[in-house]
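Where a number appears in this text, it was derived from the coordinates with a stated rule and is not lab data. This one's a predicted model, so the numbers in the text were calculated from it and none came from an experiment. Every residue, glycine as well, gets a Cβ built from its backbone with ideal geometry; the counts of neighbours run over all protein chains shown.
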Amino acid sequence: MRLVLYSGSILMLLLSSGCGSSGEDKDGFSNIAKVDSTGKISAATSELAGQVIKSIPPPVELSAIIKNSGAEYFSDMLNETGNIDRYNTNYLKAANLGVYGADLGYINIYNHKEDALSFLNIVIKLSEELKVGQFFEFETIKRIADNSNNLDSMLNITQSNFEKMNNYLQEQNRSNISTYMLTGGWIEAMYLTTFVAIEKNDKALYEKIGEQKIVLDQIIILLDFYKNDQNALGLAKDLEALRGVFKEVKIETVYGEPTMVEENGMLVVKDNSKTTISITRETVDKIRESVSNIRKKITD
Amino acid sequence: MKRIHKSVLIVSLAIFSLLSILAQCPPEDLVKKCSGKLGDYMFLKSFKIEKASEDVEYSYVFTTNTSYLISLGNNTGDGNIEVNVYDSARKLVMSNKLKDKVYPTITYTCKTTGIYYMSYKIKDGNCGVSVVGFKKM
């Protein structure tokens, strides 16, 4: 059992080696079987992938940003629940479980109970088809939603259940499923955010989109673990093209010493660093178009 | 023969010790307990921390203008886990230790989006959890 997780070092090593590049032995992980010719994933790969997955924020963070911007609720933007029958491979099921999961988080943030239960049903159905349905029990979650004035508790429980599902998938050496879920979820959250940002011409949202450059790098690292899988390869290719657009985004940071004070028995840390994100409306538009095309491949 | 018996005994003891450690480490209960302290913060992730000779480290992408709450707990009570968070340049951005006091809960409003490294050390017990919640500013 590995007790110490050097995820940071792993990420740095992968990033500095230009992961996804052609050299087979350059990434320093050639001794770790990633995906073998039969498509089986090794425990080591699953563990490493699990650490990267842990580092990526869930889509609900972007949904909260959308709501904070004052944007209204757009149910038409969500993936149609009727599309579920189209998803006939594990890859499509997993990627769309991520998409519907992101939609569910967005709905919960906006407190639309009827839509939430409808999307929860879809999430449960896809989870069952992927043999991870044990983490969602409709009646329990519905009862929690019924007993509260807002859907915060439902949001917390679904977030926590998705995390348990990811942990289980990692234990079962099925972290590729988690990776597809996560990628689908991120694409959906970006699809919603870029749509709202352009509609509202909201500069704060543009900056939020710009900083997703860092998350995209992480997702590309993840997909690199499964490069023998044609689905991962196709997705990685599309995301590499998206990364090309993100190169137009400039992020500059000036470090400042943090200050810490005790408030009501809690330690409050004030970050004194400052970041400047430079991104234009044109770049956001290009990102939106690229994200929209990737989403179409996943959902249509 | 005697040597074989001795080896079997040592292996059995090692397995028993490991199982005992695992039995005392129910992260699910600790996640629930720490999640209960999130208040108006929304659950984001939980990180399992086990006693080790070196610090246990996880990475996470924190984003600007987001307030994070880190709630820590272990199987011997609160305040027995130290956390230091470093930015991508390995500069310290926060710690739950101030003037020798270790706090079980810290809040942090991020001003710089990036990969951060959360380095945990269990001071007492052998199993702990860190739950991270967020709210937009």
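Note on B:97-106: average number of Cβ atoms from other chains within 10 Å of each residue's Cβ is 3.
Partner aspartates and glutamates whose Cα lies under 16 Å from the Cα of B:K111, excluding those fewer than 8 positions away in the same chain, are identified as A:E61, A:E207, A:E211, A:E252, A:E257, A:D271, B:D87. Calculated on the alpha-carbon coordinates, the convex hull of the range A:193-267 measures out at 182 cubic angstrom per residue.
Note on A:D300/A:K113: beta-carbon distance plugged into 1/(1 + (r/R0)^6) with R0 of 35 Å gives a FRET efficiency of 0.80. Please build a GNM for chain A, connecting alpha carbons under 10 Å apart, and tell me which residue among A:S118, A:S273, A:S127 fluctuates the most. Result: A:S273 has the largest fluctuation of those listed.
With both labels modelled 7 Å from their Cα along Cα-to-Cβ, the A:S69 to A:S153 distance reads 3.2 nm. Pick from A:N79, A:N272, A:N231: which is most flexible by mean-square fluctuation in a GNM of chain A where alpha carbon atoms under 10 Å apart are linked? Comparing A:N79, A:N272, A:N231 in a Gaussian network model of chain A, the most mobile one is A:N272. For the range B:27-136, a simple Cβ point-charge model (Lys and Arg +1, Asp and Glu -1, everything else neutral) yields a dipole of about 360 debye relative to the Cα centre. Here each label is just a point 7 Å from Cα along the line to Cβ, and for A:E248 and A:N272 those points are 3.7 nm apart. Considering only alpha-carbon pairs that sit under 8 angstrom and 6 or more positions apart, the relative contact order computed for the range B:27-136 is 45 percent. Shape class of chain A from the Cα gyration tensor (axes a ≥ b ≥ c, square roots of the eigenvalues): rounded, since a/c falls below 1.5. The ranking of B:C110, B:C127 from fewest to most other beta carbons within 10 Å of each one's beta carbon is B:C127, B:C110. The label point for B:R90 and the one for A:K131, both projected 7 Å from the Cα toward the Cβ, are 4.2 nm apart. The alpha carbons of the range B:27-136 give a radius of gyration and a Dmax of 12.9, 36 Å, in that order.
Placing a label point 7 Å from the Cα of B:M137 along the Cα-to-Cβ direction, the residues of the range B:50-84 with a backbone N closer than 13 Å are B:63-69. Sorting A:D76, B:D124, A:D152 by the number of Cβ atoms found within 10 Å of their own Cβ, with the fewest placed first, yields A:D76, B:D124, A:D152. Applying both filters, DSSP loop and at most 10 other Cβ atoms within 10 Å, to the GluC sites (Glu not before Pro) of the range A:228-300 eliminates every site. Legend: residue pairs A:K54/A:K297; A:K208/B:K101; A:K125/A:K208; A:K227/B:K37; A:K227/B:K33, Cα-Cα distance threshold 30 Å; pairs beyond threshold, A:K208/B:K101; A:K125/A:K208; A:K227/B:K37; A:K227/B:K33. Going by neighbour counts of Cβ atoms within 10 Å, the residues A:L182, A:L130 line up, fewest first, as A:L130, A:L182.
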